[in-house]
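**Student:** Structure provided below as structure tokens; questions to follow.
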Amino acid sequence: MLTFTERLSRVIDRSIIPQPVIPLFTLSLSAEERTRSRHRFETPDGQSLFLRLPRGTILQDGDLLKAETGEIIKIAAKPEPVLTVTAQNPLDLLRAAYHLGNRHVPLEVAPNYLRLSPDPVLKDMLERMGVTAIEEIVPFQPEIGAYHAHS
């Protein structure tokens, strides 16, 4: 079983690794799965792998992980069910973000939409606020909380 213990920098230092990095494969993980720093996963072809990363590591789409034996894999944000919220004007979208933040909802924030995990109660609240909330299946990349380190 491959054990991945290191997240490589998104910008590879060419003096350390002179050749382009070619991942062994891409591991698609949901937003929740990307928060697991110690977990066993199985690839679609049945290969087992284990993450043993520093506690609190949150993986992002495009991250590269290195195994103890040198193999490198790429992390991809897996499409999953979400609610995508849009509004007629920026103030309504900002208000929606405020109310979702008050509820500590993991939230993807973009200039023209918000995205969250499906929740019928929150969908109803958002629609009552006058914003549009549609169900989609797309990669979900919520903001990393202020208490988590970015790398």
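**Student:** What's the number of the only condition in (1) touching a Lys or Arg at 6+ places or on another chain (Cβ under 6 Å); (2) open to solvent by 30 Å² or more (accessible area, probe 1.4 Å); (3) not basic (Lys, Arg) that Asn112 fails to meet?
**Tutor:** That leaves (1) as the condition not met.
**Student:** Mind checking which residues of segment 61-70 are open to solvent by less than 60 Å² (accessible area, probe 1.4 Å) and touching a helix residue (DSSP H, G or I) at 6+ places or on another chain (Cβ under 9 Å)?
**Tutor:** Matches in segment 61-70: Asp63 only.
**Student:** OK, next. Kindly provide the set of residues from segment 81-106 that are in a strand (DSSP E or B), touching a Ser or Thr at 6+ places or on another chain (Cβ under 8 Å) and either open to solvent by less than 30 Å² (accessible area, probe 1.4 Å) or more than 27 Å from Ser28 (Cα to Cα) (or both), ordered by number.
**Tutor:** Once the filter is applied, which keeps residues that are in a strand (DSSP E or B), touching a Ser or Thr at 6+ places or on another chain (Cβ under 8 Å) and either open to solvent by less than 30 Å² (accessible area, probe 1.4 Å) or more than 27 Å from Ser28 (Cα to Cα) (or both), segment 81-106 yields Val82, Leu83, Val85.
**Student:** Could you tell me whether segment 86-97 includes any residue that is within 30 Å of Arg7 (Cβ to Cβ) and over 16 Å from the mean Cα position of the chain (by Cα)?
**Tutor:** Within segment 86-97 (the criterion being within 30 Å of Arg7 (Cβ to Cβ) and over 16 Å from the mean Cα position of the chain (by Cα)), the answer is yes, since at least one residue qualifies.
**Student:** Right, another one. Condition (residue is part of a loop (DSSP other than H, G, I, E, B), open to solvent by less than 70 Å² (accessible area, probe 1.4 Å), of a type in the set (Val, Ile, Thr) and modelled with pLDDT under 95) applied to segment 121-134: is it met by at least one residue?
**Tutor:** Applying the first criterion (part of a loop (DSSP other than H, G, I, E, B)) to segment 121-134 yields 129-131.
Right, trim to open to solvent by less than 70 Å² (accessible area, probe 1.4 Å) and you get 129-131.
If we keep only those that are of a type in the set (Val, Ile, Thr) too, we end up with 131.
Pick out the ones that are also modelled with pLDDT under 95 and you get none.
Checked against the condition, which is being part of a loop (DSSP other than H, G, I, E, B), open to solvent by less than 70 Å² (accessible area, probe 1.4 Å), of a type in the set (Val, Ile, Thr) and modelled with pLDDT under 95, segment 121-134 yields no hits at all.
**Student:** Right, here's the next one. Would you mind finding the one in Ile58, Ile73 that is part of a strand (DSSP E or B), modelled with pLDDT under 95 and open to solvent by less than 40 Å² (accessible area, probe 1.4 Å)? Outline the logic, then answer.
**Tutor:** Working: Ile58 fails: part of a strand (DSSP E or B).
Just a single option satisfies the conditions, and that option is Ile73.
**Student:** Residue check, Leu24 against (1) touching a Leu at 6+ places or on another chain (Cβ under 9 Å); (2) among the aliphatic types (A, V, I, L, M); (3) in contact (Cβ under 8 Å) with a residue 60 or more places away in the chain, all met but one. Which one?
**Tutor:** Status for Leu24: all satisfied but (3).
**Student:** Restricting attention to segment 135-146, which residues are open to solvent by 90 Å² or more (accessible area, probe 1.4 Å) and either of a type outside the set (D, E, K, R) or at positive phi (or both)? Lay out the reasoning, then the answer.
**Tutor:** Of the residues in segment 135-146, the ones open to solvent by 90 Å² or more (accessible area, probe 1.4 Å) are 135, 137, 143, 146.
Ile137, Ala146 - these are the residues of segment 135-146 that are open to solvent by 90 Å² or more (accessible area, probe 1.4 Å) and either of a type outside the set (D, E, K, R) or at positive phi (or both).
**Student:** I want to confirm something. Restricting to segment 31-54 and keeping residues that are open to solvent by 20 Å² or more (accessible area, probe 1.4 Å) and of a type in the set (Gly, Ala, Ser), which single residue is modelled with the lowest pLDDT? Step through it out loud before you land on a result.
**Tutor:** Applying the first criterion (open to solvent by 20 Å² or more (accessible area, probe 1.4 Å)) to segment 31-54 yields 32-33, 35-36, 38-40, 42, 44-48, 50, 52, 54.
Within this subset, residues satisfying the condition of being of a type in the set (Gly, Ala, Ser) are 46, 48.
Working: Gly46: 85, Ser48: 90.
Residue satisfying both the conditions and the ranking: Gly46.
The values are calculated or read from the model by the stated rules, or taken from the named source; none is laboratory data. Because the structure is predicted, anything quoted here is derived from the model rather than measured. Please note: Cβ atoms are built from the backbone with ideal geometry, for glycine as well, and neighbour counts cover all protein chains shown. Just the protein is used for accessible areas: all its heavy atoms, side chains included, with ligands, DNA and RNA removed. Shrake-Rupley method; radii C 1.70, N 1.55, O 1.52, S 1.80 Å.
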